[in-house]
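Worksheet for the structure shown next.
Every read-out reported here was derived from the displayed coordinates using simple, explicitly stated rules and does not represent laboratory data. No experiment lies behind these values; they were computed from the predicted model shown. Cβ placement follows ideal geometry from the backbone for every residue including glycine, while neighbour counts extend to all protein chains displayed.
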Amino acid sequence: MATILAHITVKPGSEERFEAIAKELYEATHRLETDVLRYEYWRGAEPSSYYTLLSFTDFNSFITHQVSDHHESASPNIGEVVAGLRLEWVDPIDGASPLPPTESSALPADPTELFMTYHERYAAQVAQWWGSMR
């Protein structure tokens, strides 16, 4: 499983456009992807700040999401409105979340070049201290 909290800052004045893109991605992700457990967007307390919680059955399902046609076609639009993005890998607390632990995955057989690039670029950051708490 792979769970990420994305910290997003959009360019001032781009909030409506960002939210429209988020709604399209939310709808397409939940309609077209079978291995998504959570894919949600929130407004943050600070102006122009947003959060996305992404959780997939495994790391390769997250990469499949990243390289999907709907995500790839939205990427240029996202790039036009996002001023900053920080991905934070998170791990659920057993008994306080229904999600399974965050783990990395080996590459599948015969991945595309884009899949391999994203697999390396977005490698799951599994903190060592999580293991003793699981």
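So here's what we get for this one:
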{"read-out": "Charge dipole of region 2-133 about the Cα centre (unit charges at C-beta), most positive-ward option of Trp89, Gln66, His30", "value": "Trp89"}
{"read-out": "Region 1-21 versus region 83-134: alpha-carbon centroid distance in Å", "value": "19 Å"}
{"read-out": "Shape parameters for region 95-134, alpha-carbon atoms, Rg then Dmax in Å", "value": "13.4, 38"}
{"read-out": "Correct choice for Rg/Rh (Cα atoms, Kirkwood Rh) that was computed from the model, options (i) 1.15; (ii) 0.97; (iii) 1.02", "value": "(ii)"}
{"read-out": "Mean separation of Cα contacts under 8 Å, 6 or more apart, over the residue count of the chain: relative contact order %", "value": "34 percent"}
{"read-out": "Rounded to 5, the percent of DSSP beta bridges in region 2-133 classed as antiparallel", "value": "95 percent"}
{"read-out": "Likely footprinting exposure, Glu33, Glu46, fewest C-beta neighbours within 10 Å first", "value": "Glu46, Glu33"}
{"read-out": "Cα long-axis angle, helix 15-32 against the chain (0 to 90 degrees, to the nearest 10)", "value": "40 degrees"}
